[in-house]
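A.B. asks: Quick one: structure below, then a few questions.
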Amino acid sequence: MDKKNLHKDTIVIHEGYDDKEHQGSLAVPLYQTSTFSFETALQGENRFSGVEGGNIYSRLGNPTVRVLEERMTALENGKGALAFGSGMAAVSTILVHLTKSGDHILCSRGIYGCTFGLLGMLNEKYNISHDLIQMKTEEEIERAITPETVCIYIETPINPTMELVDIQAVVNVAKRHGLRVVVDNTFSSPYLQNPLDFGADFVLHSATKYINGHGDVIAGLLVGADKEEMESIRMSVQKDFGGIISPFDAWLLIRGLKTLSVRMERHTSNAEKVIAYLKGQKLVEEIYYPFDKDNPQYEIAKRQMRAGGGLISFTVKGGKEGAQLFMDSLSLIKIAVSLGDAETLIQHPATMTHSVIPEAERLQMGITDSLLRLSVGLEHAEDLIADFKAAFAIMETVITERA
Ligand SMILES: *Cc1c(COP(=O)(O)O)cnc(C)c1O
């Protein structure tokens with residue numbers, strides 16, 4: 001058969017691995033080694049000079065890691081991928097690659113907390129500035145570009161408000177000004193959204209989340225649209241900053257990735273059932289979910305995402321106190337940051353993931369004290385809804401007692 005144009009469901013299981021080259025081992029072998037021996041001195045010389053391909057030292061490449069990178073390249077419709085020891089190592093590597101002192105980065109308003117921290121550090125120590133803007137229209141993006149701007153860095157959906165940035169609009173403006181586009185695709189996973197298809201240059205993931213899916217690894221992935229550029233990042237920033245992944249973590253990611261398609265479908269269908277339930281609750285104020293027909297950005301969602309995924313944000317009555325009471329009244333659903341795991345997780349952005357952001361700025365981003373972020377897991381939806389029902393009942397009792 002023709003193995004080009006395989007579906008994502010098949011790519012996550014087969015891409016980049018031939019068992020015939022590994023004694024028939026069905027599972028990808030774990031090459032848990034730091035270095036590789038050369039057969040001769042000349043072979044060592046040739047590998048270092050690049051005359052001959054092949055393994056040298058695991059910071060420069062490892063056969064287990066390579067399978068993961070090839071699988072991700074295919075999943076994101078890219079030309080090359082690099083695996084990292086954390087999502088933040090992927091973020092810092094691409095920003096260091098794209099910028100030099102004096103440059104400017106344009107960002108979506110609402111980016112991951114540590115990315116925000118990194119941008120502050122780049123500004124303070126290396127004079128690389130940034131602006132955060134809403135990016136509602138091409139004109140707004142256009143106006144924020146300065147002669148120093150070199151790249152546009154976005155997240156969509158934005159954490160935790162689930163607002164969308166129109167990837168095509170960002171790319172259109174970037175192309176007119178010769179800017180590079182980086183998209184943090186962690187919330188959608190490559191199963192639901194592929195920014196390179198819209199002309200973005202780089203897409204990155206905290207693989208800690210949906211790609212691994214089992215809550216037991218911290219890792220990152222960067223995929224690019226240019227093979228040579230990706231190899232040059234491997235042999236410069238990645239090699240010299242050294243934020244590589246361990247072979248064992250890559251092996252766990254390969255294992256987790258095999259079920260990405262079935263997991264994302266279940267996360268999505270569970271999320272839809274939870275939303276249908278939350279919509280009827282009088283203690284719930286607002287629900288934010290990109291694929292909700294009531295969402296004003298539903299048209300953008302349909303254009304760039306295949307489905308809504310497992311993340312829902314919503315507000316409950318009673319401000320911070322109400323939100324904390326609700327979380328404490330749950331029993332099956334765990335209070336934890338992170339997302340994309342089998343377990344359903346709930347967190348309070350204002351006091352947890354986004355607590356470092358000054359209050360005024362946080363409120364401007366839509367992160368109110370009553371906002372909760374839910375990462376819907378893979379449990380049976382009826383059990384999740386039963387947990388919600390019990391928590392709302394406890395809230396009702398407390399409210400009645402107080403009245
Ligand atoms: C978790 C996360 C990161 C950081 O990834 P780590 O693996 O924790 O380093 C970056 N971006 C988004 C959107 C995330 O959710």
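A.B. asks: Okay, helix-only estimate at 222 nm for the chain: each DSSP H run of n ≥ 4 adds -39500 (n - 2.57), divide by all residues, round to 500 deg cm²/dmol; what do you get?
C.D. replies: -12000 deg cm²/dmol
A.B. asks: Continuing with the same structure: Sorting LEU283, LEU179 on the 10 Å Cβ count, fewest up front, what's the list?
C.D. replies: Starting with the residue having the fewest Cβ neighbours, the order is LEU283, LEU179.
A.B. asks: Any of LYS302/LYS389; LYS320/LYS389; LYS273/LYS317 with alpha carbons more than 24 Å apart? Name them for me.
C.D. replies: Violating the 24 Å limit, Cα to Cα: LYS302/LYS389.
A.B. asks: Please report Rg over Rh for segment 68-217, where both radii come from the alpha carbon positions and Rh follows the Kirkwood definition.
C.D. replies: So for segment 68-217, dividing Rg by the Kirkwood Rh gives 0.94.
A.B. asks: Test of understanding: in a Gaussian network model of the chain with alpha carbons linked when under 10 Å, which of HIS214, HIS354, HIS380 would top the mean-square fluctuation ranking?
C.D. replies: Result: HIS380 has the largest fluctuation of those listed.
A.B. asks: Take every Cα pair under 8 Å in segment 261-402 that's 6+ residues apart, average their separations, divide by the length, and report that relative contact order as a whole percent. Please list the in-between numbers first.
C.D. replies: Details: 206 pairs, mean separation 39.8, N = 142.
About 28 percent, as a whole number.
A.B. asks: List TYR277, TYR17, TYR126, TYR191 from most exposed to least, where exposure is judged by having the fewest other Cβ atoms within 10 Å.
C.D. replies: TYR126, TYR277, TYR17, TYR191
A.B. asks: Out of residues 5 or more away from ILE335 or on other chains, whose amide H comes under 5 Å of its own, with H placed 1.01 Å from N in the peptide plane?
C.D. replies: Under 5 Å from the amide H of ILE335: ILE346.
A.B. asks: Here's a follow-up. In the chain, which longest range has no trypsin sites (Lys or Arg not before Pro) that are both DSSP loop (not H, G, I, E or B) and surrounded by at most 12 other Cβ atoms within 10 Å?
C.D. replies: Longest stretch, sites excluded: 101-278.
A.B. asks: Same structure again: Can you tell me the length gained on complete extension of the stretch GLU148 to SER34, counting 0.36 nm per residue apart and subtracting the Cα distance?
C.D. replies: Working: separation 114, 0.36 × 114 = 41.04 nm, distance 4.07 nm.
The GLU148-SER34 span can extend by a further 37.0 nm.
A.B. asks: Across all directions of projection, what mean area in square nanometres is found for the Cα convex hull of segment 4-120?
C.D. replies: Details: hull surface 44.5 nm².
Directional mean of the projected Cα hull area for segment 4-120 stands at 11.1 nm².
A.B. asks: Picking from GLY50, GLY199, GLY213, which is most flexible by a Gaussian network model of the chain using Cα springs under 10 Å?
C.D. replies: So, out of GLY50, GLY199, GLY213, the one fluctuating most is GLY50.
A.B. asks: Turning to a different aspect of this structure: Segment 72-121 to segment 134-188: how many Å between their Cα centroids?
C.D. replies: 13
A.B. asks: Please report, ordered by residue number, every helix of the chain (full DSSP H runs) that is 20 Å or longer along its axis going by C-alpha atoms and whose mean Kyte-Doolittle hydropathy reaches -1.0. Could the numbers behind the result be given before it?
C.D. replies: Details: long enough: 260-278 (26 Å, -0.22); 381-402 (32 Å, 0.49).
Helix filter hits for the chain: 260-278, 381-402.
A.B. asks: In debye, nearest 20: dipole of the chain around its Cα centre with unit charges on the Cβ of K, R (+) and D, E (-)? Kindly include the intermediate steps, with their values, before the conclusion.
C.D. replies: On the way: 39 positive and 53 negative charges, 44 e Å.
The dipole magnitude comes to about 200 debye.
A.B. asks: Also: When each pair of different Cα atoms in the chain is counted once in the 1/r mean, what is the Kirkwood radius in angstroms, to one decimal?
C.D. replies: 22.3
A.B. asks: If a/c stays under 1.5 just call it rounded; otherwise compare a/b with b/c (prolate if a/b is bigger, oblate if not). Do that for segment 219-299, with a ≥ b ≥ c from the square roots of the Cα gyration tensor eigenvalues.
C.D. replies: Values: a/c = 3.14, a/b = 2.25, b/c = 1.39.
Taking the square roots of the gyration eigenvalues as a ≥ b ≥ c, segment 219-299 is prolate.
A.B. asks: Using only the Cα atoms of segment 261-402, what do you get for the radius of gyration and for Dmax, in Å?
C.D. replies: 14.9, 48
Each reported figure results from applying straightforward, stated rules to the coordinates on display, with no laboratory input. Keep in mind that this is a model prediction, so the values were computed, not measured. In this analysis, Cβ positions are derived from the backbone assuming ideal geometry, glycine residues included, and neighbour counts consider all displayed protein chains.
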